[in-house]
Amino acid sequence: MSMHAVPALAIEGIAKSFGGLRVLSDVSVTLGQGECLGLIGPNGAGKTTLFNIVTGFLTPDYGRIAFDGRDITMAKPDVRVRAGLVRTFQKSMAFPELSVRENLALAARSGAGESYGWLGARKAVEAADAAADALLTRAGLRERAELLVAGLSYGEQRIVDVLISLAMRPRVLLLDEPTAGLSRGEGEHLIEVVRTLGEGLSSILIAHDLDIVFGLCDRVAVLDLGRLIACDTPDAIKANEGAQAAYLGATFGEAA
Ligand SMILES: Nc1ncnc2c1ncn2[C@@H]1O[C@H](COP(=O)(O)OP(=O)(O)OP(=O)(O)O)[C@@H](O)[C@H]1O
Ligand SMILES: [Mg+2]
């Protein structure tokens, strides 16, 4: 990679208000190629709103989003997904009444670079099923392929959410609290799946579990009341008094 490599994602001067409520103020941060960036901050800090703007579910009042150097500020969400900008949601987007394999195969067919005519459709279906099974095997869930998502444990459903996003073949993956509600063991397993199957991806991870963020991410950005108050290495963030204050005494020492 050259010193001047274009960032995977450039978020520049983003501001957003809902009615009179200013939720994001002049937020600028870049995601390097292959980098894992943590995004932390108290409830209501604006983390999910920033994801909604990056993925095109919301239009910013000010600012610009560039994906691999191309301005996508006004691009529709599905255009961004096909370009390889994929997210997970705080709530599952899986279809509970479909099987695990069907969910992953649908994701594979809605992801990056999919286009096929009628004659190619059968091959596309077979390729999507194969991609689904490959992901399930690597995640240790191959024997779950035929089960309905509704029949999985909550922890397995959260892993399926991550596998759905990976099946879309992202180049940049945005994860919104993938470990919320999981036990420590389940959370660690999910992060292991993200780490191994998402190797080489550029990613932004929102999580309240600071152990996970500091352990996994190359850099960590801290949002507080809609402002980016710090963005630095995990060690530097742990030592940052402003970042600690944003957590009102939930000191990073406990999470180190
Ligand atoms: N569509 C909306 N309309 C009005 N207000 C909204 C909307 N979406 C978010 N907000 C408000 O914007 C602020 C930021 O919300 P956001 O969901 O981005 O926070 P967050 O950092 O993701 O919080 P959490 O950690 O709880 O998920 C909150 O005050 C929220 O109530
Ligand atoms: Mg949120």
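I'm trying to understand the selection: among the residues of the range 176-199, which are more than 16 Å from ligand 2 (Cβ to nearest atom), under 14 Å from the mean Cα position of the chain (by Cα) and part of a loop (DSSP other than H, G, I, E, B)?
Once the filter is applied, which keeps residues that are more than 16 Å from ligand 2 (Cβ to nearest atom), under 14 Å from the mean Cα position of the chain (by Cα) and part of a loop (DSSP other than H, G, I, E, B), the range 176-199 yields Gly198, Glu199.
Just one of Gly63, Gly32, Gly84 is within 16 Å of ligand 1 (Cβ to nearest atom) and either of a type outside the set (Ser, Thr, Tyr) or out of contact with any Cys (no Cβ under 7 Å at 6 or more places or on another chain) (or both); which is it?
Criteria check complete, one pass: Gly63.
With respect to Arg158, is the statement that it is over 19 Å from Ala83 (Cα atoms) and in contact (Cβ under 8 Å) with a residue 40 or more places away in the chain true? Before the answer, list the steps.
On the way: over 19 Å from Ala83 (Cα atoms): yes; in contact (Cβ under 8 Å) with a residue 40 or more places away in the chain: yes.
Spelling it out, Arg158 is indeed over 19 Å from Ala83 (Cα atoms) and in contact (Cβ under 8 Å) with a residue 40 or more places away in the chain.
Are there any pairs, at least 6 apart or on different chains, whose C-beta atoms fall under 7 Å, with the first in the range 15-30 and of a type in the set (Lys, Arg) and the second assigned to a loop (DSSP other than H, G, I, E, B), and if so, which?
Qualifying pairs under 7 Å: Lys16/Leu58; Lys16/Pro60; Lys16/Asp61; Arg22/Gly226.
When Leu166 is evaluated against the numbered criteria (1) within 15 Å of ligand 2 (Cβ to nearest atom); (2) within 11 Å of the chain's Cα centre (by Cα); (3) over 16 Å from Leu9 (Cα atoms), which criterion, by number, is the only one it fails?
Just one mismatch for Leu166, condition (1).
Can you tell me which residue is surrounded by the fewest Cβ atoms within 10 Å (Cβ to Cβ) among those in the range 1-46 that are among the aliphatic types (A, V, I, L, M) and farther than 24 Å from Leu173 by Cβ?
Looking at the filtered set, the residue picked out is Met3.
Okay, residues lined up against (1) more than 16 Å from ligand 2 (Cβ to nearest atom); (2) not β-branched (Val, Ile, Thr):
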position: Val23; (1), (2): no, no
position: Leu50; (1), (2): no, yes
position: Lys76; (1), (2): yes, yes
position: Leu85; (1), (2): yes, yes
position: Leu98; (1), (2): yes, yes
position: Leu104; (1), (2): yes, yes
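Got a number for residues in the range 210-236 being in contact (Cβ under 8 Å) with a residue 60 or more places away in the chain and either charged (D, E, K, R) or crowded, with 16+ Cβ neighbours inside 10 Å (or both)?
17
When you go through Thr49, Thr73 one by one, which is the residue that is buried (at least 16 other Cβ atoms within 10 Å of the Cβ), within 12 Å of ligand 1 (Cβ to nearest atom) and of a type in the set (Val, Ile, Thr)?
On inspection, the qualifying residue turns out to be Thr49.
Of the residues Pro170, Pro234, which is out of contact with any Lys or Arg (no Cβ under 7 Å at 6 or more places or on another chain) and over 24 Å from Pro77 (Cα atoms)?
None of the other options fit; the residue is Pro234.
FYI, it's all coordinate maths here, none of it is from the lab. Predicted, not measured: the structure shown is a model, and the values here were computed from it. Here Cβ is always computed from backbone atoms with ideal geometry, including for glycine, and neighbour counts include all displayed protein chains.
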